[in-house]
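The values are calculated or read from the model by the stated rules, or taken from the named source; none is laboratory data. If you're wondering where the values come from, they're calculated on a predicted model, not measured in any experiment. Cβ sites come from the backbone with ideal geometry, for glycine too, and all protein chains shown count toward neighbours. Areas reflect the complete protein model, heavy atoms only, side chains present, ligands, DNA and RNA absent. Shrake-Rupley method; radii C 1.70, N 1.55, O 1.52, S 1.80 Å.
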Amino acid sequence: MVIDGRTREQFRIERFEFDTAEHGEEWFDAVHAVHQRMILEMDLAAIERLDAASAREAVTVGSRQLVTELFPSLLGDDRERVIKRVIDEAIGYGPVQALIDDDSISEVMVNAPEEVYFERDGVIYRSPLKFKDNDHVMRIIERIVAPLGRRVDESSPYVDARLPDGSRVNVIIPPLVPRSPTMTIRKFRREKFKMAELIANDTVTAQLSKFLEACVKQRLNIVISGGTGTGKTTLLNAMSSFVPDTERIVTIEDPIEMKLQQSHVIALEARPANIEGKNEVTQRDLVRNALRMRPDRILIGEVRGAESFDMLQAMNTGHEGSLTTIHANSPRDAIIRIENMVMMAGFALPIRAIREQIVSALQIVIQLTRFSDGRRRVTQVTEIIGREGDSITTQDLFVFRQAGMDDKGRVLGSLEPTGIPPTFLEEFALSGITLDFVPDEFARSATP
C-alpha cells in the first residue's frame, strides 16, 4: 500500500516520545499517514456538517480503525495521543489544538510552520509543536475563518474575527507577511473574572479594590489604560462586578470579550464590511444606537476612533458610571490619545472645546503595565481634576513604586497611595463612603 507517496512500512515508527507538559512534537508521519487515509476513506466535509459531538464520535471511530490497521504495534497512551492528533487534524485546529485546550495558556501565536509560541502567566514560550509546511498552516486558517463567514486570500489578506467560544483570532497571509501565513489566537476565558483573583495575582491591592468599588458605585466615569496584553479587559470585567444588578448595562465591543456577571446586559458587537465593502457597522454606530436603548451604563470594550467623541457626549449627558479601555502607556498618553481620536474623526472642534469635554466627562484613569517577569499590575491611578489654561490637570492617587528585582527575576515593589485626597471626597462622604488612604484631616473636612 502506498500512502502519500510512501509505503506503510516507511510510516512505521519504532519509538514515540511526547511531553504532555510542554506539548512536545508528536509523530508527524504517523498522524499525517492516518489523516491522509481518512481523507480518502471518509467524507470529512459531511462530518464537519454534523453537530460537534457526532462529528467527534465519527472521526474517533474512524481514526481508531486506521491507527490499528497502519500501526498495530502502537499501544496504550501513545496510541491515544496519535488518535487525538488525528482528530485535531480532521475537525480541530491541527497542531495548536493542544495549546488551545490548555486552560493555563492565554495566547497562541503561529509565526511560521516551525515557529509556534504561546503565552502562559504573562510570559511567552516557544512550543516544540510544528506545522508540516505553509500549506498546512493555511489549511488550518481556512478551517478557522470559513465557519465565521470570512475568507482570507490575496484580495483579502488579513482577518480579525471572533471564534465561537469567544476567542479572538487574527490572521495575516502573504504577500503582507512574505515568509508564511501568521495566526494569533487570544483565548477567551470561560470563567467570569473576580477581583479576588486580581488581588491574589498582585494586579491590584485590596485597598485599591475597595477604592475602585466605591468609584463604580458612585458612578464615576473610568478609563483603563495600558499596552497590548496588559490585562485591560480582565480588569474591566472584574470592575463590572461592582455595578448593581438592578442596572441596565449595554456593552459595545469589536469583537466581544467581556463576560459580565449581571443579568441585565445587552452585548453589542461591531461588524466589518462584507466582501463587497458594504454593511459595515462601526463602534460609533453602536454607541449612538445604545443611547436609544435606555442604558444605565455603557461599557465600551476599547475606544479606537470616532466613537470616542460619542462616548464623551454620552458621559456628559446623563450616562455616568461608564467604563472603557484604551491603548496608551500612561494616563497622560491616554488623555492625549482621546484628544487625537476626536480630532482625527473630523469634528471641527477647537482643542480647547475637546479638552473641556474630556474634563467634564472623565474622572479616573487606571494604568496597567506588564512587567518583564510577565506579571500585570496597576501602576498608576490618576484623577482628572480640571484645566489650567489650555492644559488638562491631573493628580495621582496611587503609584506603583518599584524596588528592584529578586534573584528569580521577579519585579519587586508595591502600589501605594500618594496621600492626595481626590476632589470627589465630599461626594463619597455624603454617600457614607470613607477612604482609608486619605489623611485624617482631609477625611474630617469632607465629612458632612
Checklist line | Of residues in segment 299-329 being hydroxyl-bearing (Ser, Thr, Tyr) and part of a loop (DSSP other than H, G, I, E, B), the one farthest from residue 347 (Cα to Cα) | finding: 322
Note to self: Can you say whether residue 242 is in contact (Cβ under 8 Å) with a residue 24 or more places away in the chain and open to solvent by less than 10 Å² (accessible area, probe 1.4 Å), as far as the supplied structure shows?
What the structure shows: no
Note to self: Among the residues of segment 251-259, are any closer than 19 Å to residue 338 by Cβ and part of a strand (DSSP E or B)?
What the structure shows: yes
Next item on the list: Quick one: which residue in 399, 381, 365, 411 is modelled with pLDDT of 95 or more and touching a Phe, Trp or Tyr at 6+ places or on another chain (Cβ under 8 Å)?
Entry: 381
Next item on the list: Please find, within segment 85-102, the residue that is nearest to residue 168 (Cα to Cα) out of those that are in contact (Cβ under 8 Å) with a residue 12 or more places away in the chain and open to solvent by 30 Å² or more (accessible area, probe 1.4 Å).
Entry: 93
Next item on the list: Count, please, the residues in segment 288-298 that happen to be outside any helix (DSSP H, G or I), among the basic types (Lys, Arg) and at negative phi.
Entry: 2
Note to self: So residue 285 ticks every box in (1) in a loop (DSSP other than H, G, I, E, B); (2) open to solvent by 40 Å² or more (accessible area, probe 1.4 Å) but one. Which box is left unticked?
What the structure shows: (1)
Next item on the list: Determine the pairs where a residue that is within 16 Å of residue 320 (Cβ to Cβ) and open to solvent by less than 10 Å² (accessible area, probe 1.4 Å), located within segment 194-222, has a partner that is among the acidic types (Asp, Glu) and in a loop (DSSP other than H, G, I, E, B) with Cβ atoms under 7 Å apart, the partner being 6 or more residues away or on another chain.
Entry: 221/320
Next item on the list: Among the numbered conditions (1) assigned to a loop (DSSP other than H, G, I, E, B); (2) closer than 28 Å to residue 203 by Cα; (3) modelled with pLDDT of 85 or more; (4) of a type in the set (D, E, K, R), tell me where residue 126 comes up short.
Entry: (1)
Check: Do we have residue 393 as polar (S, T, N, Q), at pLDDT 90 or above and out of contact with any helix residue (DSSP H, G or I) (no Cβ under 8 Å at 6 or more places or on another chain) here?
Finding: yes
Notebook entry, point to check: Can you name the condition, by its number, that residue 226 falls short on among (1) crowded, with 22+ Cβ neighbours inside 10 Å; (2) under 20 Å from the mean Cα position of the chain (by Cα); (3) under 26 Å from residue 134 (Cβ atoms); (4) not aliphatic (A, V, I, L, M)?
Noted result: (3)
Item checked: Boolean, residue 224 is part of a strand (DSSP E or B), touching a Leu at 6+ places or on another chain (Cβ under 7 Å) and of a type outside the set (Gly, Ala, Ser) -> yes
Next item on the list: Look through segment 397-409, keep the residues that are in a strand (DSSP E or B) and open to solvent by less than 50 Å² (accessible area, probe 1.4 Å), and return whichever of them is nearest to residue 376 (Cα to Cα).
Entry: 400
Notebook entry, point to check: Can you tell me which residues in segment 49-72 are touching a residue at least 24 places away in the same chain (Cβ under 8 Å) and of a type in the set (A, V, I, L, M)?
Noted result: 55, 59, 66, 67, 70
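Mind checking which residues of segment 328-349 are open to solvent by 50 Å² or more (accessible area, probe 1.4 Å), modelled with pLDDT of 90 or more and either more than 22 Å from the chain's Cα centre (by Cα) or under 25 Å from residue 295 (Cα atoms) (or both)?
In the first step, residues of segment 328-349 are kept if they are open to solvent by 50 Å² or more (accessible area, probe 1.4 Å); the result is 329, 332-333, 336-337, 340, 343-344, 346, 348-349.
Now drop any that are not modelled with pLDDT of 90 or more, which leaves 329, 332-333, 336-337, 340, 343.
332, 336, 340, 343, listed by residue number.
Among what's in segment 114-134 and is touching a Pro at 6+ places or on another chain (Cβ under 9 Å) and more than 26 Å from residue 372 (Cβ to Cβ), pick the residue that is least open to solvent (accessible area, probe 1.4 Å). Before you say what the answer is, go through the steps one by one.
Step one: filter segment 114-134 for residues touching a Pro at 6+ places or on another chain (Cβ under 9 Å), giving 116, 127, 129-134.
Still in the running and more than 26 Å from residue 372 (Cβ to Cβ): 130-134.
Working: 130: 65, 131: 5, 132: 106, 133: 60, 134: 59 Å².
Restricting to residues being touching a Pro at 6+ places or on another chain (Cβ under 9 Å) and more than 26 Å from residue 372 (Cβ to Cβ), the top hit is 131.
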Check: So residue 236 fits all but one of (1) open to solvent by 40 Å² or more (accessible area, probe 1.4 Å); (2) in contact with a Leu (Cβ under 8 Å, 6 or more places away or on another chain); what number is the exception?
Finding: (1)
Next item on the list: Starting from segment 325-352, keep only residues that are farther than 30 Å from residue 240 by Cα and basic (Lys, Arg), then list their pairs with residues that are modelled with pLDDT under 90 and loosely packed, with under 13 Cβ neighbours inside 10 Å whose Cβ atoms are within a distance under 6 Å, requiring at least 6 positions of separation or different chains.
Entry: 352/390
Next item on the list: Filter segment 362-380 down to residues that are over 18 Å from residue 337 (Cβ atoms) and part of a strand (DSSP E or B) and give me whichever is most open to solvent (accessible area, probe 1.4 Å).
Entry: 370
